[in-house]
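Notes follow once the structure below has been shown.
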Amino acid sequence: MWGFGGDRPWSEVSTVLEPLLNHPDDGGDDLTPADCAVVLPRLQAIADGWAQESDDDPLRHQDTEDARRLAGFLRVCINRRVPLLFL
């Protein structure tokens, strides 16, 4: 993907994770509560899938925990109707 060392533009990809993945991680625009609501179900499904895979890999375990932690922050933003800030 553009911005990640690739040559594919986001216009060629359809994913509900785009608001999160196509976002600068060094500040910039925040994710709106609506963006958070779009991303949350897919992120939770990914984390649940990782959790069902072999737990022998400590990196996979950390990825799962990180995804679940982010999902928790998305829920807070949705419930409180506040944006997810990137600092």
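The values are calculated or read from the model by the stated rules, or taken from the named source; none is laboratory data. On a predicted model such as this, the values are computed, not experimentally measured, just so you know. FYI the Cβ positions are ideal-geometry reconstructions off the backbone, even for glycines, and counts take in every protein chain you see.
With the condition kept exactly as written, say whether any residue in the range 54-63 is basic (K, R), farther than 19 Å from L85 by Cα and at pLDDT below 95. Scanning the range 54-63 turns up at least one residue that is basic (K, R), farther than 19 Å from L85 by Cα and at pLDDT below 95. A Cβ distance below 6 Å, combined with a sequence gap of six or more or placement on separate chains, defines the contacts here; from the range 1-20, residues that are charged (D, E, K, R) reach residues that are surrounded by 12 or more Cβ atoms within 10 Å (Cβ to Cβ) in the pairs R8/M1.
Against the conditions (1) assigned to a helix (DSSP H, G or I); (2) more than 16 Å from H23 (Cα to Cα), L43 satisfies every one except (2).
Filtering L70, L84, L43 for residues that are surrounded by 15 or more Cβ atoms within 10 Å (Cβ to Cβ) and in contact with an Asp or Glu (Cβ under 7 Å, 6 or more places away or on another chain) leaves a single hit, L84.
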